[in-house]
Amino acid sequence: MFLKRARLAVIKVARSISARRYAQAIYQLALEKDHLENWIEDLSVLAASVSDELFVSFADSPKVETDQKTAVIKEAFEGTVSDLAMNLVCLLATRSSVSSLPAIADSFQELVDVEKGLVRAEITSAITLSDDQRTSITTALANIVGKELTVTTRVDESIVGGFVAKVGDRLIDGSLKTRLEDMKRELVRGT
């Protein structure tokens, strides 16, 4: 059981490194051709295609011939994405790595954000934030890091209240759950 988990962890790390390398190659190509925005759109479409489990199992199957995979991919994406993006999917299919498209798209977007001077932030709250709350938190976080932010939000009821923000590699924890745990530790330490 331990070895199986260790192997899965190694595979995940290898795929994330591989996704970064693909993203870097695509980024260089996009810069040379001045097609950053086109690639953002294409990668978004391609990453969304991974939600179709039947497509991914077909494209990543080692039992399916490369010619068959290529034909299906070209038919599926013809007129939807650029020829280069289609070639990317075909290449990934030959390596049984189509499932890594979302990671490639994320890595590519990170490179574009760095180019534009943006920092990614993810705000997790116990309830859905109103537009005013989101704007207020985003402004406060931008002041802390001194850069413009690209923000995504998500809801996690387990944090009870407040919010947790991940900004770049920083973690800002203003959750009620953490405050309660801190108080509990202080009470235990005090007795």
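Below is a table of values for the structure above.
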item	result
Checking Leu84 against (1) surrounded by fewer than 16 Cβ atoms within 10 Å (Cβ to Cβ); (2) in contact (Cβ under 8 Å) with a residue 24 or more places away in the chain; (3) in contact with a Cys (Cβ under 8 Å, 6 or more places away or on another chain), the condition it does not meet	(3)
Selection count where residues are free of Cβ contacts under 8 Å to residues at least 40 places away in the same chain and assigned to a helix (DSSP H, G or I), scope region 172-185	9
Qualifying positions in region 108-121 - open to solvent by 20 Å² or more (accessible area, probe 1.4 Å) and either touching a residue at least 40 places away in the same chain (Cβ under 8 Å) or touching a Phe, Trp or Tyr at 6+ places or on another chain (Cβ under 8 Å) (or both)	Gln109, Glu110, Leu111, Glu115, Val119, Arg120
Matching strands (runs of 3 or more DSSP E) fully within region 54-171 where at least 1 residues are farther than 18 Å from Ala19 by Cβ, at pLDDT 90 or above and among the hydroxyl-bearing types (Ser, Thr, Tyr)	118-125, 148-155
Top-ranked residue in region 25-42 [being open to solvent by 60 Å² or more (accessible area, probe 1.4 Å) and of a type in the set (Asp, Glu); ranked as nearest to Ile104 (Cα to Cα)]	Glu41
Residue match in region 52-69 (condition: in contact (Cβ under 8 Å) with a residue 12 or more places away in the chain, exposed (fewer than 13 other Cβ atoms within 10 Å of the Cβ) and either among the aliphatic types (A, V, I, L, M) or over 20 Å from Leu29 (Cβ atoms) (or both))	yes
Test for Lys166: is it touching a helix residue (DSSP H, G or I) at 6+ places or on another chain (Cβ under 8 Å), surrounded by 14 or more Cβ atoms within 10 Å (Cβ to Cβ) and among the basic types (Lys, Arg)	no
Residues satisfying the stated conditions in region 133-159, i.e. touching a helix residue (DSSP H, G or I) at 6+ places or on another chain (Cβ under 7 Å) and either of a type in the set (Asp, Glu) or open to solvent by 90 Å² or more (accessible area, probe 1.4 Å) (or both)	Glu148
Output for region 41-66, where each listed residue is farther than 20 Å from Glu78 by Cβ and in contact with a helix residue (DSSP H, G or I) (Cβ under 7 Å, 6 or more places away or on another chain)	Asp60
Residue in region 94-112 that is among the basic types (Lys, Arg) and within 30 Å of Ala71 (Cβ to Cβ) present	yes
Residue in region 100-120 that is in contact with a strand residue (DSSP E or B) (Cβ under 8 Å, 6 or more places away or on another chain) and more than 30 Å from Tyr27 (Cα to Cα) present	no
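The values are calculated or read from the model by the stated rules, or taken from the named source; none is laboratory data. Everything numeric in this text was worked out from a predicted model, so none of it was measured. Please note: Cβ atoms are built from the backbone with ideal geometry, for glycine as well, and neighbour counts cover all protein chains shown. Protein only, heavy atoms only, side chains kept; ligands, DNA and RNA dropped before computing areas. Shrake-Rupley method; radii C 1.70, N 1.55, O 1.52, S 1.80 Å.
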